[in-house]
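To start, the structure itself, in structure tokens.
The values are calculated or read from the model by the stated rules, or taken from the named source; none is laboratory data. In this text the structure is predicted, and so the values were computed from the model without any measurement. So basically every Cβ, Gly included, is an ideal-geometry build from the backbone, and we count neighbours across all protein chains shown. We work out accessible area using only protein heavy atoms, side chains counted, and drop any ligands, DNA or RNA first. Shrake-Rupley method; radii C 1.70, N 1.55, O 1.52, S 1.80 Å.
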Amino acid sequence: MAAALGLTAAIIAVLQLTGATITACYSYGNSVKNASRDRERIIDQLFGLQKVLETIRRLVEHDETVAASRLPVLNEVIPRCRDELDSLNSKLERDLGRKGRIQAFIWPLKEGEVNKTLEKLSKLQELLTTAMDVDQTCLMLKIDSGVEALQEQGAKNGQLTQDTKSGVQALQEMTAGISEAMEQAKQRTSHIARVGH
């Protein structure tokens, strides 16, 4: 449980860092040279990562111990996300002043850095998405297996019910036969008693 709580806290910290990085990107307005296109590409990638992280956070919070054991890759990928976001955020914030004003009106990332950053963020998002897909597939297979077992049990129970109904019907027929035989024996006894007197 402690590991799961640590995972939840790590995911929340990365979500907060993602938000801070998005804010830092927005600090570079359209007037900053070379910022507009690169900034939008990075912001789009950050929003995609943020969406996946939110989904994972809800999954982990919903069932912390199971999610942590089912998704061990998170223990590796979440710190990598944090490191990549820390690096990007520090590059973006180095030119921001204390009040969030840009000190230099130059986008701090060169095109090669932008592409490299986008590639890393995309791979991390893909790893997280793949982990969730595999987790969901495993859960679906377990559910499918459980449904099959229930169907088999239902079929067995159905056969048992049919056998029980047949057994009850046979007992009813036997009981009716016995009752009829007893009635006939009673009538004979009564007839013999009348004839004997």
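Is it fair to say S145 is of a type in the set (S, T, Y) and either modelled with pLDDT of 75 or more or not in a helix (DSSP H, G or I) (or both)? Yes.
For region 110-126, which positions are over 15 Å from F47 (Cα atoms) and touching a Lys or Arg at 6+ places or on another chain (Cβ under 8 Å)? Break it down stepwise before answering.
Filtering region 110-126 for residues over 15 Å from F47 (Cα atoms) gives 110-116.
Once the filter is applied, which keeps residues that are over 15 Å from F47 (Cα atoms) and touching a Lys or Arg at 6+ places or on another chain (Cβ under 8 Å), region 110-126 yields E113, V114.
Pick out the one residue from G100, G177 that is modelled with pLDDT under 80, at positive phi and either surrounded by fewer than 10 Cβ atoms within 10 Å (Cβ to Cβ) or not β-branched (V, I, T) (or both). Give the steps one after another, and end with the answer.
On the way: G177 fails: at positive phi.
Residue meeting the stated conditions: G100.
Within region 21-55, the residues that satisfy the criterion of being modelled with pLDDT of 90 or more and open to solvent by less than 40 Å² (accessible area, probe 1.4 Å) are T21, I22, I42, I43, Q45, L46, G48, L49, V52, L53.
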